[in-house]
Structure formats: structure tokens, C-alpha cells
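Asker: This is the structure, below, for whatever I ask next.
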Amino acid sequence: MPRAGTDARSRITPRRALLLGLVVVYLGILAIAPLLAIVKQFFASGPSRVVEELLASGALPALGRTAAITAIAIAINCVFGVAAAIVLTRQRFWGRRLLDGLIEMPLAVSPVMIGLAFILIFGANGWAKPLTEPLGIHVLFSFTGLVVGTVFVTMPFVVREVSNVLSELGTSEEDAAATLGASRWQTFRLVTLKNIRHGLSFGVTLTAARALGEFGAVLVLGGAISGQTDTATTFIYESVEERRDGAAAGMSLILALASAGVLVVLERLKRRVRREA
């Protein structure tokens with residue numbers, strides 16, 4: 001027999017119907033309508049013409065550049081994100097709260113401001129120039145700058161997801177492994193990494209979604225130089241500016257499908273976590 005509480009939650013009252021309607025309208029205006037507009041523009045321009053515009057305007061290199069940046073950002077954030085999460089949850093030191101707050105900075109600061117900050121650091125008069133110039137490292141208006149900006153804006157996701165898991169788990173299993181004679185590396189590989197795998201997967205998925213759609217930081221740091229530092233998002237911007245609506249719609253649709261794929265992966269991860277809980 002169904003529970004009374006379940007029946008009460010599933011019963012549609014006028015108030016709940018109104019709330020549901022408002023949510024549907026809200027999502028329709030902000031999420032569904034823009035996607036439909038992109039699809040409409042894609043077919044209005046003609047799929048064959050869109051493909052021709054994309055191939056003729058260097059869309060594939062820009063898309064490949066975005067894919068490469070995303071992969072690099074994921075790799076860097078996996079290594080340093082897990083390390084930062086372990087330090088923040090397992091260590092106690094002066095300035096820990098400040099460091100914890102700095103992790104959230106990319107979520108609170110505009111990516112355009114982030115790009116400007118890196119220009120002040122790595123620009124012609126930046127304080128890092130005496131270090132980077134002798135080594136031949138060029139950050140501004142280069143692929144390196146695109147990676148730096150993307151890694152910075154995606155920094156919090158792996159750290160936060162893994163930190164939450166580590167905080168919930170505590171140290172009992174790690175302490176037990178150490179008591180049985182396991183080294184720190186063995187404890188991390190056999191215990192810690194196994195326990196944080198779902199949190200790490202969530203962080204990687206969110207990092208990928210954020211990296212695919214990054215615009216402000218890569219525009220300022222890379223300059224959107226055609227064939228050199230343009231990415232998928234800056235390609236859309238340039239296409240709109242040059243009134244190449246078909247190319248803009250085509251690239252937007254590609255990114256939308258990629259983002260939808262990331263969301264599908266995220267939902268499957270959530271279901272797996274719920275089943276294992």
C-alpha cells in the first residue's frame with residue numbers, strides 16, 4: 001500500500017500547480033527558448049550551408065583548441081584539486097580558512113576581471129615578466145594563456161566536491177590502513193582514492209562543463225586571434241560580430257550538445273551514488 005505521506009506529496013493542489021507553472025515558465029524562458037532559437041537558426045540557415053561556413057571559417061581548429069584546453073584543465077584540476085582538498089580537510093595550519101576562501105574566488109569574480117588580473121601579472125610591465133621572459137614563456141595571447149585562464153575559473157569544482165566527501169568520511173579508514181602498515185601512497189591509492197571517486201567524478205564533470213563554456217577569461221587573455229587563440233566560444237562571438245549567423249548557430253549547437261552530454265553523465269553519476277548509498 002502507498003504511504004500517506006507519499007500520496008500527500010504527489011497530490012496536485014492549486015498552490016502546487018501554480019508553483020509548478022512558474023518553474024516551467026522560468027525554465028522555458030531562460031533555458032528552453034534559447035536552445036530552440038539556436039536550433040531554429042541552424043535549420044533556417046540550412047544544415048549544408050552551416051557546415052560550409054564552419055569549415056570555411058576555421059571552426060574545427062577553434063573547437064579542437066577548446067577540447068584540448070578542457071582536457072588539460074581536467075588533468076591539472078584532478079591532480080592539484082585532490083591535493084588541495086586533502087590539505088584543507090586533513091591538515092590544520094594558520095591561514096587555512098583564508099586559503100579555503102580563496103578557492104571560491106573564481107566563483108565570485110568575473111572572468112573578465114580574472115583576465116585583466118593576469119594581464120597585469122604577465123603583461124609587458126607585469127611583475128612576473130623577469131621570471132617568464134628568460135624562460136621564453138609567453139602567457140598573453142597564446143595557448144598557454146587560454147589554459148591558465150580556464151584552469152583558474154574551473155579551480156573550485158574538484159576541490160569542493162572532493163572536500164565534501166573527505167569531510168563526510170572522516171579519517172577512520174585511513175587511520176586503520178596506516179595502523180596495518182600501509183604507506184601514505186598505499187593508503188591514498190587503496191583507501192582515499194577509492195572513497196573519493198564519486199566526488200572526483202562530479203568535480204571533473206563540472207570542470208568540463210565550465211571549461212567548454214568559458215568566454216571572458218579566454219577572450220581577454222587570448223585576444224581571440226583567428227587560427228591561433230580563438231576558441232569555440234570566441235568563435236561564436238566573432239561570427240555574430242561578422243554576421244555569419246549560420247556558423248554561430250552551428251558552433252552554438254555543437255557546444256549545446258556537448259554540454260547536454262556532460263549533464264547526462266552527471267545525472268548518471270548521481271543515480272549511481274544514490275544506488276550505492
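Please treat every number below as a calculation from the coordinates, not as lab data. Note that this is a predicted model, so its numbers are computed, not measured. Every residue, glycine as well, gets a Cβ built from its backbone with ideal geometry; the counts of neighbours run over all protein chains shown.
Asker: At a Förster distance of 22 Å, what's the computed FRET efficiency of Y26 paired with M105, Cβ-Cβ distance as r, to 0.05?
Answerer: Taking R0 as 22 Å, the efficiency between Y26 and M105 is 0.15.
Asker: Within the chain, which is the longest segment containing none of the trypsin sites (Lys or Arg not before Pro) that sit in a DSSP loop and have at most 13 other Cβ atoms within 10 Å?
Answerer: The longest uninterrupted stretch comes out as 93-242.
Asker: Grab the DSSP H runs of the chain that are 4 residues or longer, score each as -39,500 (n - 2.57), total them, divide by all residues and round the 222 nm result to the nearest 500 deg cm²/dmol.
Answerer: Mean residue ellipticity, 222 nm, calculated: -23500 deg cm²/dmol.
Asker: How much net charge surrounds Q91 when only other residues with a Cβ under 14 Å from its Cβ are counted (Lys, Arg +1; Asp, Glu -1)?
Answerer: Summing Lys and Arg as +1 and Asp and Glu as -1 gives +3.
Asker: With each pseudo-label sitting 7 Å past Cα toward Cβ, what's the R272-A117 distance in nm, one decimal?
Answerer: Between R272 and A117, the label points sit 3.4 nm apart.
Asker: Once you sort the root eigenvalues of the Cα gyration tensor of segment 123-202 as a ≥ b ≥ c, which label holds: rounded (a/c under 1.5), prolate (a/b larger than b/c) or oblate (the other case)?
Answerer: prolate
Asker: Classify segment 182-243: rounded, prolate or oblate, from the alpha-carbon gyration tensor (a ≥ b ≥ c, eigenvalue square roots; a/c under 1.5 rounded; otherwise prolate if a/b is larger than b/c)?
Answerer: Verdict is prolate for segment 182-243.
Asker: Further question on the same structure: Just check segment 20-177 against the gyration tensor rule for me: Cα atoms, a ≥ b ≥ c as the square roots of the eigenvalues, rounded for a/c under 1.5, and otherwise prolate or oblate depending on whether a/b exceeds b/c. It would help to have the intermediate numbers written out before the result.
Answerer: Working: a/c = 2.23, a/b = 1.30, b/c = 1.71.
Oblate, since a/c reaches 1.5 and b/c is not below a/b.
Asker: Taking the Cα centre of the chain as origin, sum charge times position over the Cβ atoms of Lys and Arg (+1) and Asp and Glu (-1), and report the length of that vector in debye to the nearest 20.
Answerer: Dipole size: approximately 1200 debye.
Asker: Take R184, project a point 7 Å from its Cα along the Cβ direction, then tell me which residues of segment 40-81 have their backbone nitrogen under 16 Å from it.
Answerer: Residues passing the 16 Å test: 80.
Asker: A further question follows. Mind checking Rg over Rh on the chain, alpha carbons, Kirkwood formula for Rh?
Answerer: 1.05
Asker: Now for a separate question. Less than 23 Å apart at the alpha-carbon level, and either on another chain or at least 8 residues along: which lysines does that give for K194?
Answerer: Result set, ordered by chain and number: K270.
Asker: Using the Cβ atoms and a cut-off under 12 Å, what net charge is assigned to the surroundings of T233, where Lys and Arg are +1 and Asp and Glu are -1?
Answerer: Spelling it out: positives minus negatives among the neighbours equals -1.
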